[in-house]
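Student: After the structure tokens below, expect a handful of questions from me.
The values are calculated or read from the model by the stated rules, or taken from the named source; none is laboratory data. Quick caveat, the model's predicted, so the values are computed rather than measured. We place every Cβ from the backbone using ideal geometry, glycine too, and count neighbours over all the protein chains shown. To get the accessible areas, we keep the full protein, side chains included, count just its heavy atoms, and leave off ligands, DNA and RNA. Shrake-Rupley method; radii C 1.70, N 1.55, O 1.52, S 1.80 Å.
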Amino acid sequence: MTKPFFEVFPTLQINNPLHDKLEQSSVERVSTTKRKDVLHVYLFSTRLILKEDIRKTEAEIKMQLFPNVAISVKIHERFELSSQYTPENLMEIYRESILEELKDYSHIEYNAFRTAEIAYPEQGKMTLTVEDTVLNRSKEAELVRVLEKILVERCGLQCDCRIQRSTDGKVCRG
């Protein structure tokens, strides 16, 4: 059963405009690990919330609600976005959030995505042209999996991601 975000965290103080986004969000569930060292918050919103704001919220929950407890807070966000969002315009808004997430996950995938040229050959399809290196080849499938998890599962878009290797070695967007 979902509850409004500030019903689950009534004493949490968050400044605008993030407060407004969280106020329009709900918490689907809260759980913790057996060791009680990680608090998982499953957040649902019809508005896109950038990863930077998710991290700020995690930090505020930890600082304000668990100041002297050895626990970390992890928010798992899920969005139901309006039909105005396409993979292309979502990427314009959310690309830095994806980069931030990839940076924590894998430096190789982060660098491949950061320097990739992104094209949208047809509706619901995204092609990343990455430099053809041994390291990039070893992480292609995982990068596609992570991107599809973000775009499809988290953001609710229909998107088929593909990798294309640059043969001329001239891919350098970042």
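Student: Two decimals is fine: what is log10 I(q)/I(0) at q = 0.14, 0.16 Å⁻¹ for region 81-148, from a Debye sum with one equal scatterer on every Cα and no solvent?
Tutor: Results for region 81-148 at q = 0.14, 0.16 Å⁻¹ read -0.42, -0.54.
Student: So, one more: Roughly to the nearest percent, how much of the accessible area of the chain is carbon and sulfur, given a 1.4 Å probe?
Tutor: Carbon with sulfur: 48 percent of the solvent-accessible area.
Student: Looking at the chain as a GNM with Cα springs under 10 Å, which of Val69, Val152, Val27 has the largest mean-square fluctuation?
Tutor: Val69
Student: Could I ask something else about it? Which whole-number value in Å² is the accessible area per residue of the chain, probe 1.4 Å?
Tutor: 58
Student: Arg145 to Arg47: FRET efficiency via 1/(1 + (r/R0)^6), r the Cβ-Cβ distance, R0 30 Å, to the nearest 0.05?
Tutor: 0.70
Student: Now, a different point. Which value, in Å to one decimal place, does the Kirkwood hydrodynamic radius take for the chain when every pair of different Cα atoms is included?
Tutor: 17.6
Student: Additional query: If r is the Cβ-Cβ distance from Glu122 to Met91 and R0 is 22 Å, what FRET efficiency results, to the nearest 0.05?
Tutor: 0.90
Student: At a threshold of 8 angstrom on Cα-Cα distance, excluding pairs fewer than six apart, so keeping six or more, what relative contact order does region 1-67 reach in percent?
Tutor: About 32 percent, as a whole number.
Student: Going Cα to Cα from Lys62, which aspartates and glutamates come in below 13 Å? Please leave out same-chain ones fewer than 8 positions away.
Tutor: Asp37
Student: Distance in nm between label sites at Glu58 and Ile108, each 7 Å beyond Cα in the beta-carbon direction?
Tutor: Between Glu58 and Ile108, the label points sit 2.3 nm apart.
Student: Using only the Cα atoms of region 115-159, build the gyration tensor, take square roots of its eigenvalues as a ≥ b ≥ c, and label the shape rounded, prolate or oblate: rounded if a/c is under 1.5, else prolate if a/b is larger than b/c, else oblate.
Tutor: In terms of gyration-tensor shape, oblate.
Student: What's the ranking of 158-167, 108-117 by average number of surrounding C-beta atoms within 10 Å, highest first?
Tutor: The packing order, highest mean first, is 108-117, 158-167.
Student: Evaluate the relative contact order of region 36-146 (contact order divided by residue number), counting alpha-carbon pairs under 8 angstrom at least 6 apart; express in whole percent.
Tutor: Once divided by the residue count of region 36-146, the mean separation gives 24 percent.
Student: Taking 23 Å as the cut-off for C-alpha to C-alpha distance, list the pairs among Lys34/Lys139; Lys125/Lys149; Lys74/Lys125; Lys36/Lys149; Lys56/Lys103; Lys34/Lys149 that go past it.
Tutor: Lys34/Lys139; Lys74/Lys125; Lys36/Lys149; Lys34/Lys149, as the Cα separations exceed 23 Å there.
Student: Could you check the simple spin-label distance between Glu23 and Glu7, using points 7 Å along Cα→Cβ, in nm with one decimal?
Tutor: In this crude spin-label approximation the distance works out to 1.6 nm.
Student: Which length gain, in nm to one decimal place, applies between Ser138 and Ser82 when the Cα-Cα distance is subtracted from 0.36 nm times their residue separation?
Tutor: Full extension from Ser138 to Ser82 adds 16.7 nm.
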